[in-house]
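Colleague: Take this structure first; my questions come after.
The values are calculated or read from the model by the stated rules, or taken from the named source; none is laboratory data. Predicted, not measured: the structure shown is a model, and the values here were computed from it. Neighbour counts are summed over all protein chains in view; Cβ atoms, including those assigned to glycine, are modelled from backbone coordinates with ideal geometry. Side chains are part of the model used for accessible areas, which takes the heavy atoms of the whole protein and leaves out ligands, DNA and RNA. Shrake-Rupley method; radii C 1.70, N 1.55, O 1.52, S 1.80 Å.
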Amino acid sequence: MKNNQRAADALDAATDTAAMEIGIGILDRLPQMFTDVFPQKRALVVADDNTWLAAGSAVYGYLAAAGIACDEPFIFTDAALHAEWQYIEMLGARLAATDAIPVAVGSGTINDLCKLSAYHNGRQYMCVATAASVDGYSSFGASITYKGMKQTFTCPAPRAIVADVGVMAAAPAPMTAAGYADLAAKIPAGAEWLIADFIGVEPIHDVAWHIVQDGLKQALADPEGVAALRPEAIEPLFSHLWNMRNHTYNGVTPSHGFQVSVGTLFMCAMFDRMYLTDFTKLDVDRCAAAWKSAGEVRRGAEELFRGEPFAEAAVSEVMAKYNDRGEVRRQLQRLKDNWPDLKSRMQAQCYTYDEMYRMLHTVGAPTQPEDVGITRQQMKADVSRVRQIRRRYGLPDLGLRAGVLDIWVDGIFGRGGVWEIKQQSR
C-alpha cells in the first residue's frame, strides 16, 4: 500500500484529525489548510528556539502573508524544555488570554504541550512536524510528567497536520534515528498484542492493528537511507508514524526514542528466549498453585515502589492487570495447548535481536543500555519494575505466570547473553 493511501486510511478511521499533508516543500500550503479547518480564526504559532528557526518563522510568515490574523508567536526559550506540567501551565495561561488556534511547530514535546494546553482551553489545534522523531503526532492523548510520573492525559489529536519532509530531513540525525527507533518498537509491541489477544486478555482492534502494522516493516526497510537523511527514506517513515525517573546521561535526558531503542532490543531478545521454551511441557497446575494472591501482589508492589514519587500510581497499575489463579490457569492452559501456532505467529511478527540490532545500529540509534546511561545491572534489576508500571499485558507478564521470566532475563544478561554482565575479578 502506498504511503498516501495509508495516510488516507488513517484519516478515514480518525475521529479528531480532519486534514493531513505530507510532502517536500509544502509549508506554503499551510495557510489554505488552516483556513479550511479553522475558518475565520486567529493563529498562534507555538515553537521553541530550535523549531522557530527550523520552520516556525516560515510558518508565521506564510500565515501572515495569506491575511490570517496572528497573535505574537509563543516561543519557549528554556534549553531544558520537556513535556512537564510547568510548561502546560505557562502555555495554558497564554491561550487563556486569546481565542487563537495554536499552531504547534515542533516534534514530541511541543506537540504534547500544545495538545493538552489547547484541550484545557476548550479548543482544537494544528501541528507542523519538524522531525521524524516521534510516533505520536496524530495520537489521542499527551504524555506529560506530572508529580514526578510520566502520565498520558486524555485530549484530542490535532485537527490538522502538515509534515514537510524537507524540513524533517534537515533535523539533527539523532532525532530521525530516535523516530525510527520509536517506530521499530511497534514490531515487538504488536507481538505482545498478539499474545494478549491469543490468550483472551485484550482482543485486537482490527482497524487499529492494520493502521499501525500494515506497511510497518516496509517503512523500516531502508535504515541506510534514514541514516543518510534521504527525504525519500524519511517520508514513508513519517507517513507511517500514526520518564518515570528524571534520568539523565551526560547532563541531558536521553530522547524517548533512544530509550525506546534499547527497550525494543531487550524485548526482541526476550522473544528469542521465549522461542527456546517448550510450553507444551508446561506444568500448568504447578504454575497456578504458585501464583500469588491479590493481597500478596499489592504488598509486594507497595514495597517495590516505596519512596518513588509515582508509587501510588504504580501500585494502581499493578492491580489493574492482576489475574486470580483461575484466570492464570486458563491463560497458561491455552498457551500450552496452542504453543506451536502461537510461536509461529510471534516469529512472523517480531524481528530477532540480531535483525533489530542491525537496523537500529545502522540508523545510529542506541543498541546497549550503557548508550543511554543505564548499567546492565540496573536494567536487569528494573525488569520487575518496568513490567508493573503499565497495565498493558505483555510478554514479561506471560513469562511471570509461566514461572520462566527470571530464566529469560538471566539468558539475556548471563554468560553468553546479548548483554552479558561481566563479573569483575577480585
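Colleague: Would you point out the residue of region 32-52, among those that are within 26 Å of GLY141 (Cβ to Cβ) and among the polar types (S, T, N, Q), that is surrounded by the most Cβ atoms within 10 Å (Cβ to Cβ)?
Modeller: The selected residue is THR51.
Colleague: Collect the residues in region 344-396 that are assigned to a helix (DSSP H, G or I), under 19 Å from LYS186 (Cα atoms) and aliphatic (A, V, I, L, M), keeping them in residue-number order.
Modeller: Once the filter is applied, which keeps residues that are assigned to a helix (DSSP H, G or I), under 19 Å from LYS186 (Cα atoms) and aliphatic (A, V, I, L, M), region 344-396 yields MET346, ALA348, MET356, MET359, LEU360, VAL363, VAL386, LEU395.
Colleague: Here is a further query. Please count how many residues of region 122-167 are open to solvent by 40 Å² or more (accessible area, probe 1.4 Å), in contact with a Gly (Cβ under 8 Å, 6 or more places away or on another chain) and not in a strand (DSSP E or B).
Modeller: 1
Colleague: Kindly list the number of the only condition in (1) among the charged types (D, E, K, R); (2) closer than 30 Å to VAL328 by Cβ; (3) touching an Asp or Glu at 6+ places or on another chain (Cβ under 7 Å) that fails for ASP182.
Modeller: (2)
Colleague: Another question about this same structure. For the structure I just gave you, tell me whether GLY92 is small (Gly, Ala, Ser), in contact with a Pro (Cβ under 7 Å, 6 or more places away or on another chain) and surrounded by fewer than 22 Cβ atoms within 10 Å (Cβ to Cβ).
Modeller: Answer is no for this residue.
Colleague: All but one of (1) surrounded by 15 or more Cβ atoms within 10 Å (Cβ to Cβ); (2) outside any helix (DSSP H, G or I) hold for LYS336; which doesn't?
Modeller: The failed condition is (2).
Colleague: So which residues in region 168-190 are at pLDDT 90 or above and either crowded, with 24+ Cβ neighbours inside 10 Å or in contact with a Lys or Arg (Cβ under 8 Å, 6 or more places away or on another chain) (or both)?
Modeller: Once the filter is applied, which keeps residues that are at pLDDT 90 or above and either crowded, with 24+ Cβ neighbours inside 10 Å or in contact with a Lys or Arg (Cβ under 8 Å, 6 or more places away or on another chain) (or both), region 168-190 yields ALA184, ILE187, PRO188.
Colleague: Which one is nearest to GLN331 (Cα to Cα), of the residues in region 298-320 that are part of a helix (DSSP H, G or I) and open to solvent by less than 30 Å² (accessible area, probe 1.4 Å)?
Modeller: In this case the residue turns out to be VAL318.
Colleague: Which residue out of ALA69, ALA18, ALA55, ALA64 is farther than 22 Å from ALA93 by Cα, in contact with a strand residue (DSSP E or B) (Cβ under 9 Å, 6 or more places away or on another chain), modelled with pLDDT of 95 or more and open to solvent by 40 Å² or more (accessible area, probe 1.4 Å)?
Modeller: Sole residue among the options that is farther than 22 Å from ALA93 by Cα, in contact with a strand residue (DSSP E or B) (Cβ under 9 Å, 6 or more places away or on another chain), modelled with pLDDT of 95 or more and open to solvent by 40 Å² or more (accessible area, probe 1.4 Å): ALA64.
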